[in-house]
1. Which ones in the stretch 42-68 are crowded, with 24+ Cβ neighbours inside 10 Å and assigned to a loop (DSSP other than H, G, I, E, B)?
2. State whether one or more residues within the stretch 33-41 are under 18 Å from Ser80 (Cβ atoms) and assigned to a helix (DSSP H, G or I).
3. Could you list, in sequence order, all residues of the stretch 121-133 that are under 14 Å from the mean Cα position of the chain (by Cα) and either open to solvent by less than 60 Å² (accessible area, probe 1.4 Å) or free of Cβ contacts under 8 Å to residues at least 24 places away in the same chain (or both)?
4. Of the conditions (1) more than 18 Å from Arg153 (Cβ to Cβ); (2) among the polar types (S, T, N, Q); (3) modelled with pLDDT under 90; (4) surrounded by fewer than 20 Cβ atoms within 10 Å (Cβ to Cβ), Ser83 clears all except one; give me its number.
5. Just the residues that are open to solvent by 10 Å² or more (accessible area, probe 1.4 Å) and of a type in the set (A, V, I, L, M), please, taken from the stretch 86-120.
Amino acid sequence: MLLIITGRQYDAVNEPKSWRDAAKLYQMMDKYQLDGHQPWFSELCGRWVKEAPLEALFIACNRPSIDTTLARYAIEDGMSQKSPAELFDTRYFRYYWEITARWMMAPPNTTLQFGLDLGFKGLLTYNLTFADIRDYAPGKGTSAEVQDRSPPRWRELAINFVDNARRVEQQM
């Protein structure tokens, strides 16, 4: 910890070999209140978000101030690399649609557990960001809506999530 506090992180921490290792390091940063080094830990975790993007988003949102760097990585780099089948978890989503993650990620499709794991500010930010996603399955609705089976624009969603997180925290 002293090596990290004195700014010699690379001497103190071996490169994590998995998401679990990176998440443990991030949680240690929280435990020892090393907020001055948060960007370094966020970058470290960001390299592994492809393994568990939802967990990364939960960790990013459950801080006194949402870690916008880690949240952006979780959405843009993690979720974008997963298929709907890989993202789907019955704890977090009510229904699964094979066609696109767009429908599955809609706020009305999330469960209570998803909201609890995101925390109040995270859930509010998520709902503001993903609000334009329709709450019905493909095949229902107007013909224009049925035709819209394109994947989500993850980069755009990540940027919107960061902007919404900053607005929520500013208001609070």
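The values are calculated or read from the model by the stated rules, or taken from the named source; none is laboratory data. Given the structure is predicted, the values throughout are model-derived calculations rather than measurements. Please note: Cβ atoms are built from the backbone with ideal geometry, for glycine as well, and neighbour counts cover all protein chains shown. Surface areas here come from the heavy atoms of the whole protein model, side chains and all, with no ligands, DNA or RNA. Shrake-Rupley method; radii C 1.70, N 1.55, O 1.52, S 1.80 Å.
1. Passing the criteria: Val49, Ile66, Asp67.
2. Start the filter on the stretch 33-41 by keeping residues that are under 18 Å from Ser80 (Cβ atoms), which leaves none.
Looking for residues that are under 18 Å from Ser80 (Cβ atoms) and assigned to a helix (DSSP H, G or I), one finds none in the stretch 33-41, hence no.
3. Lys121, Gly122, Leu123, Thr125, Tyr126, Asn127, Thr129, Phe130
4. So Ser83 meets the others, but not (1).
5. Ile99, Leu112, Leu116
Condition check ((1) at pLDDT below 80; (2) out of contact with any Phe, Trp or Tyr (no Cβ under 8 Å at 6 or more places or on another chain); (3) farther than 25 Å from Leu124 by Cα; (4) not hydrophobic (A, V, I, L, M, F, W, C)) across all residues:
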| site | (1), (2), (3), (4) |
| --- | --- |
| Asp35 | yes, yes, no, yes |
| Gln38 | yes, yes, no, yes |
| Arg47 | no, yes, yes, yes |
| Ala74 | no, yes, no, no |
